[in-house]
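Remarks on the structure that follows.
The values are calculated or read from the model by the stated rules, or taken from the named source; none is laboratory data. Note that the structure is predicted; figures quoted are calculated from it, not measured. Note that we place each Cβ from the backbone using ideal geometry, even for glycine, and neighbour counts take in every protein chain shown. We work out accessible area using only protein heavy atoms, side chains counted, and drop any ligands, DNA or RNA first. Shrake-Rupley method; radii C 1.70, N 1.55, O 1.52, S 1.80 Å.
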Amino acid sequence: SSGINAEYGDWSNCVRKGGRCSKVRTCMLNGIVILREDEACPCPPCEPGKYLNTANQHCVLCPANTYSNQDTTVCLACPADKFSRPGSSSIGNCVNEFDIVDSNGNVISGEEKGLLLYKGGTVCDDYFDVNAAIAICKLMGRPHDNVHYESGSYFSFQSSLPITMDDVRCDGSSWEKCTFIDSHNCRHSEDIHVACRGAPATNPTAPPTFKTSPTSIFYNRGGTAARSVKWFY
């Protein structure tokens, strides 16, 4: 009749709802919703970093130290001695327990200073000391006779990383004597940067050279030679 203007909207994207997937559309009359339709649809794949729980058809976040980069019912384990954060989407997210990286985020293999990472996140400077720096350098199999550390926000990408370690307390210079927490009350201006260095190089000193004078002979009162001496200078 005159004045009635009812119309359907477009179907929504297919979304997971509980154990099923559906799409919806609404019918509007003069700007008021008068009907909502719900229709089953093929479930979309789970996002990277999640897996499908077949028992309830929910997409679940992959746990720590695993990853998923495609629609799957399981998350894949990181390689041995590698770690990842929950929800990791590729094997590239599996990282070493500790790393030192440069301003581009690349792992440093030498003795230069870089940002210290723990499981892909930064380390706060609360209670961090030289024992902690030595212990971590040892744990990574790096030189540790002349370590250097400082805190600060020097790299542009630091703020995009989580802070994954705080309150590092070490009673000695081996990691077994250290404790820490994985929560924090820090800012990235407190991120630890470290250089694992060996003993400072020493310039070898050439042995002294000596010149000798002619032999000096000392005589006793009787006129016989008592001793002879070569003078060194």
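Considering only residues that are open to solvent by 60 Å² or more (accessible area, probe 1.4 Å) and in contact with a Ser or Thr (Cβ under 7 Å, 6 or more places away or on another chain), which ones fall in the range 36-49?
Listed by number, the residues that qualify are Arg36, Asp38, Glu39, Ala40, Pro48.
Spot the failing condition for Arg85; the list is (1) more than 15 Å from the chain's Cα centre (by Cα); (2) modelled with pLDDT under 90; (3) open to solvent by 50 Å² or more (accessible area, probe 1.4 Å); (4) not small (Gly, Ala, Ser), and only one is missed.
Answer for Arg85: the failing condition is (1).
Would it be correct to say that Ile134 is part of a strand (DSSP E or B) and open to solvent by less than 40 Å² (accessible area, probe 1.4 Å)?
no
Being open to solvent by 50 Å² or more (accessible area, probe 1.4 Å), part of a strand (DSSP E or B), touching a strand residue (DSSP E or B) at 6+ places or on another chain (Cβ under 9 Å) and among the β-branched types (Val, Ile, Thr) narrows it down to one of Val33, Val74, Val24, Val60, so name that one.
Details: Val74 fails: part of a strand (DSSP E or B); Val24 fails: open to solvent by 50 Å² or more (accessible area, probe 1.4 Å); Val60 fails: open to solvent by 50 Å² or more (accessible area, probe 1.4 Å).
Unique residue meeting the criteria: Val33.
Consider Ala40 carefully, then state whether it is modelled with pLDDT under 80 and hydrophobic (A, V, I, L, M, F, W, C). Explain how you work it out, then say what you get.
Values: modelled with pLDDT under 80: no; hydrophobic (A, V, I, L, M, F, W, C): yes.
No, not satisfied.
If the requirement is being closer than 20 Å to Asn104 by Cα and either open to solvent by 20 Å² or more (accessible area, probe 1.4 Å) or in contact with a strand residue (DSSP E or B) (Cβ under 9 Å, 6 or more places away or on another chain) (or both), which of these qualifies: Ser183, Ser160, Ser173? Please lay out each step first, then the result.
Details: Ser183 fails: closer than 20 Å to Asn104 by Cα; Ser173 fails: closer than 20 Å to Asn104 by Cα.
Criteria check complete, one pass: Ser160.
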